[in-house]
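The values are calculated or read from the model by the stated rules, or taken from the named source; none is laboratory data. Quick caveat: nothing in here was measured; it's all calculated off a predicted structure. Here Cβ is always computed from backbone atoms with ideal geometry, including for glycine, and neighbour counts include all displayed protein chains.
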Amino acid sequence: MHTTQLESRWIPKIHQTTMLQNIIVVILGSILLAVSAQITIPLQPVPVTLQSFAALFMGMAFGPKLGAQIILAYLVEGACGIPVFANFGYGLPALLGPTGGYLFGLIPAAVLAGYLLQCGFAKYRITIFLAALAGTVALFIPGYLVLSKFVGFHNAYLFGVAPFYGVEICKLIFFTLITPFLWRQKQK
């Protein structure tokens, strides 16, 4: 019996297509995250990037499970030495360094925002805003805590949270405006 016959016997064709589509989405999503990480405003020690925007987008557009898979693939790529993190960073030093908490925070950000939208938060603009805000907070908590181990709590707030208020508010407003359109397209 050929492998393809065995696969088709155990996995229905519709699931094979869905699995292939999910693999393609994960690959393309991790590439989008890598590109968004290179669009930076070089602040120290935490640069402003479009990475958090892309991570929230993954969770909100594809749901919590697929969003988390995209981000996990991205983190594994970086851990394996592919220069996908901000400023073409890579490896365990980037993941375990001062900004590593923000990288790991991408997972709960995408999962929480995606989950809330799946639970009905996509119906109203205010709840979309709150879902995106919850995802943003879920990203900043581990980022702040890890950064504070390197620079102290006060400096972690000054350099790792406060500079992002304006940028994050703009992102939240953008998500609030585009998400109803995305969800209408998803329902078709």
**Complete:** Within the range 142-188, of all residues that are among the charged types (D, E, K, R) and modelled with pLDDT of 90 or more, the one nearest to Gly120 (Cα to Cα) is Lys171
**Request:** Please enumerate the residues belonging to the range 17-40 that are out of contact with any helix residue (DSSP H, G or I) (no Cβ under 8 Å at 6 or more places or on another chain) and either touching a residue at least 24 places away in the same chain (Cβ under 8 Å) or within 22 Å of Val137 (Cα to Cα) (or both).
**Result:** Ile39
**Message:** So in the range 167-181, with the set limited to residues that are surrounded by 14 or more Cβ atoms within 10 Å (Cβ to Cβ) and of a type in the set (A, V, I, L, M, F, W, C), which one is farthest from Ile128 (Cα to Cα)?
**Reply:** Val167
**Prompt:** Can you spot a residue in the range 69-89 that is more than 19 Å from Val167 (Cα to Cα) and in contact with an Asp or Glu (Cβ under 8 Å, 6 or more places away or on another chain)?
**Reply:** yes
**Prompt:** So which residues in the range 68-93 are modelled with pLDDT of 95 or more, assigned to a helix (DSSP H, G or I) and either under 19 Å from Pro108 (Cα atoms) or under 17 Å from the mean Cα position of the chain (by Cα) (or both)?
**Reply:** Ala68, Gln69, Ile70, Ile71, Leu72, Ala73, Tyr74, Leu75, Val76, Glu77, Gly78, Ala79
**Message:** List the residue pairs whose Cβ atoms are under 6 Å apart, where the first residue sits in the range 159-174 and is basic (Lys, Arg), the second is at pLDDT 90 or above, and the two are 6 or more positions apart or on different chains.
**Reply:** Lys171/Phe53
**Fill in**
Restricted to the range 114-135 and to residues being within 13 Å of the chain's Cα centre (by Cα) and in contact (Cβ under 8 Å) with a residue 60 or more places away in the chain, the residue surrounded by the fewest Cβ atoms within 10 Å (Cβ to Cβ) is Ala132
**Asked** Looking at Gly105, Gly143, Gly114, which one is in contact with a helix residue (DSSP H, G or I) (Cβ under 6 Å, 6 or more places away or on another chain), assigned to a helix (DSSP H, G or I) and either of a type outside the set (Gly, Ala, Ser) or closer than 15 Å to Leu50 by Cα (or both)?
**Response** Gly105
